[in-house]
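Single-structure report; data block below.
Just so it is clear, none of the values below were taken in a lab; they were calculated from the coordinates. The model shown is predicted, which means the values in this text are computed figures rather than measured ones. Positions of Cβ are generated from backbone atoms using ideal geometry, with glycine treated the same way; all protein chains shown enter the neighbour counts.
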Amino acid sequence: MKKIIEKLLAFYAKKLLKKYKPKIIGITGTVGKSSTKEAIYQVLKHNFSVRRNLKNYNNEIGLPLTILGRLSPGRSFPGWLRVFWMASGDSIFTSISYPKILVLEMAADHPGDINYLTKIAQPEIAVLTRIGPAHLEFFKTLENVTKEKFSLIKSLPLNGWAVLNIDDNIIREFIPEVKSKILTYGLSEKADVRALKISLEQEKPVKGKRPNVIGLRFKICYQGNIIPVFLPKVISENEVYASLAAASVGLIFDLHLIEIAEYLEKNIKPLSGRMRQIKGIKNTLIIDDTYNSSPLAVKSALDSLKKIEIYPEARKWIVLGDMLELGRYKVKEHLDIGNIIPKYKFDYLITFGDL
């Protein structure tokens, strides 16, 4: 039944794309896909008609549903009949106002996933965030993960754009193989779109008062132009990378750097379960990063926690659950995280789960 649904969704999604011909932006990577998708959407939506994946609609079922503009009916057979009935109508009649741009996060849990998704929706712009150990239970090696992620770039037409995180060592090595046009982003001096002077703004620690992180400040530099950006309530530098990727896409669409910075400041917020601040009891601050986990994500979270200032009597706790789908590397990757934790000199560590 699932395979039949997948084939029908792919069929109607391709028909709709052929009919309306929107520009497609594809996003993949190991860390930061959803934040990057959201940042790109927030930058473009003020000047264009844009749609992006909702929730976690980034796989062989979710991505076509996004293209069709429908929600999943779950296990409801009548619900699926309605989805396909509406899709057939949309592909035949010209009664709907279809978005001019689709911002599509593309996930890959198994080899061939990206290739399947790009055959449904071939991007004209492809964004790569960071590549690291993830889903190794199915990919077996980091090399295979890398090949899978880069298949998004290889799907681009020659006049397409590859938007690449140049700070990622793996991505940087593959740049000579890219055939399309390239725009790089990152903190490196080699980046086309670069972040400078990143600082975490926070209130001075006071005994008996909850830590208050006001937000991240940085500057975006592009072709000699430097514009300041402030992201309220943001803690993680991953949001800086998401903002740089969004700025890169905005520049491809001929937006001015000043308006891009304004859109980022007004609209960027941490997504649920991704380094989001929660006010806890007894003047505690909880950083909720529970959506998912991988070695890169854990290290990024630890780096962010280190930068938060607290008064001398206060304490910092780390609570870590299992990192899943790491296959034969699962023990090694958990041991590696365990070995780096003491370097941060936090106060307490709580772990739970089999690993």
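Charged side chains reduced to their Cβ positions (Lys and Arg at +1, Asp and Glu at -1) give the chain a dipole of some 760 debye around its Cα centre.
The aspartates and glutamates within cross-link reach of LYS15, meaning a Cα-to-Cα straight distance under 13 Å and a gap of 8 or more places when in the same chain, are ASP90.
Remark: for residue pairs LYS154/LYS269; LYS100/LYS197; LYS181/LYS332; LYS23/LYS154, the C-alpha separation exceeds 28 Å in LYS154/LYS269; LYS100/LYS197; LYS181/LYS332.
Candidates ALA245, SER304, PRO342 compared by Cα position along the dipole of the chain: farthest toward the positive end lies ALA245, with charges placed on Cβ.
With a cut-off of 20 Å on the backbone N, the residues of the stretch 6-29 near the modelled label site 7 Å out from MET86 along Cα-Cβ are 6-22.
Pairs of C-alpha atoms in the stretch 94-137 farther apart than 17 Å represent 48 percent of all such pairs.
In the chain, helices alone account for a calculated mean residue ellipticity at 222 nm of -11500 deg cm²/dmol, with every DSSP H run of four or more residues adding -39,500 (n - 2.57). Listed by chain and number, the aspartates and glutamates whose alpha-carbon sits under 20 Å from that of LYS3, ignoring those within fewer than 8 places in the same chain, are GLU60, ASP109, ASP113. Angle between the Cα long axis of helix 330-340 and the longest principal axis of the chain, 0 to 90 degrees, nearest 10? Value to nearest ten degrees: 40.
Within 9 Å, Cβ to Cβ, of LEU158, how many net charges do the neighbouring residues add up to if Lys/Arg are +1 and Asp/Glu are -1? Walk me through the numbers on the way to the answer.
Values: positive: LYS179, LYS181; negative: none.
For residues surrounding LEU158, the net value is +2.
Spin-label model, PHE48 to ILE214: label points 7 Å out along the Cα-to-beta-carbon direction sit 3.4 nm apart. Altogether, the Stokes-Einstein calculation at 25 °C and 0.890 mPa s, with the Kirkwood radius of the stretch 198-355 over Cα pairs as Rh, returns a diffusion coefficient of 141 µm²/s. For the stretch 1-124, the gyration tensor built on C-alpha atoms gives an oblate shape. Its axis ratio a/c (a ≥ b ≥ c) is at least 1.5, and a/b is not larger than b/c. Loop-located trypsin sites (Lys or Arg not before Pro) across the stretch 39-115 with a Cβ neighbour count of 11 or fewer within 10 Å are LYS55, ARG75, with loop assigned by DSSP. Helix 77-92 versus the longest principal axis of the chain: what angle, 0 to 90°, nearest 10, using Cα atoms? Orientation of helix 77-92: about 60 degrees from the principal axis.
Working out 0.36 nm times the residue gap between ASP288 and PHE11, then minus their Cα-Cα distance, what length gain in nm do you get to one decimal?
Working: separation 277, 0.36 × 277 = 99.72 nm, distance 3.87 nm.
Stretched fully, the ASP288-PHE11 segment lengthens by 95.9 nm.
Summing Lys and Arg as +1 and Asp and Glu as -1 over all other residues whose Cβ lies under 12 Å from the Cβ of ALA13 gives a net charge of +4.
Quick one: plug the Kirkwood hydrodynamic radius of the chain (C-alpha pairs) into Stokes-Einstein at 25 °C, 0.890 mPa s, and report D in µm²/s. It comes out at roughly 114 µm²/s.
In the neighborhood of ILE341, defined by Cβ-to-Cβ distances under 14 Å, what is the net charge if each Lys or Arg adds +1 and each Asp or Glu adds -1? Each step should come with its number before you reach the end.
Details: positive: LYS299, LYS306, LYS316, LYS343, LYS345; negative: ASP303, GLU333, ASP336, ASP347.
Local charge sum for ILE341: +1.
Order of 261-267, 292-298 by packing, highest average Cβ count within 10 Å first? Provide the component values of the computation, followed by the final result.
Details: 261-267: 17.7, 292-298: 19.6.
Order by mean packing, descending: 292-298, 261-267.
Eigen-decomposition of the gyration tensor built on the alpha-carbon atoms of the stretch 11-63 gives equivalent ellipsoid semi-axes of 20, 16, 9 angstrom, largest listed first.
Scalar couplings 3J(HN,Hα) for the stretch 286-293, obtained by applying the Karplus form with A = 6.51, B = -1.76, C = 1.60 to θ = phi - 60°, are 9, 9, 8, 10, 8, 4, 7, 8 Hz; x denotes Gly and Pro.
Note on LYS190 and ILE281: their simple-model spin labels are 5.2 nm apart, each label 7 Å out from Cα toward Cβ. Would you please state which residues of the stretch 155-190 a label at LEU142 would reach in this model, taking the label point 7 Å out along Cα→Cβ and a backbone N cut-off of under 17 Å? Flagged as within label range: 165-175. Could you tell me the calculated FRET efficiency between ILE182 and PHE253, based on Cβ-Cβ distance and R0 = 22 angstrom, to the nearest 0.05? Efficiency, from the Cβ-Cβ distance: 0.85.
Work out the FRET efficiency for SER97 and LYS204 from their Cβ-Cβ distance, taking R0 = 56 Å, and round it to the nearest 0.05.
Working: r = 51 Å, r/R0 = 0.91.
The computed FRET efficiency comes out at 0.65.
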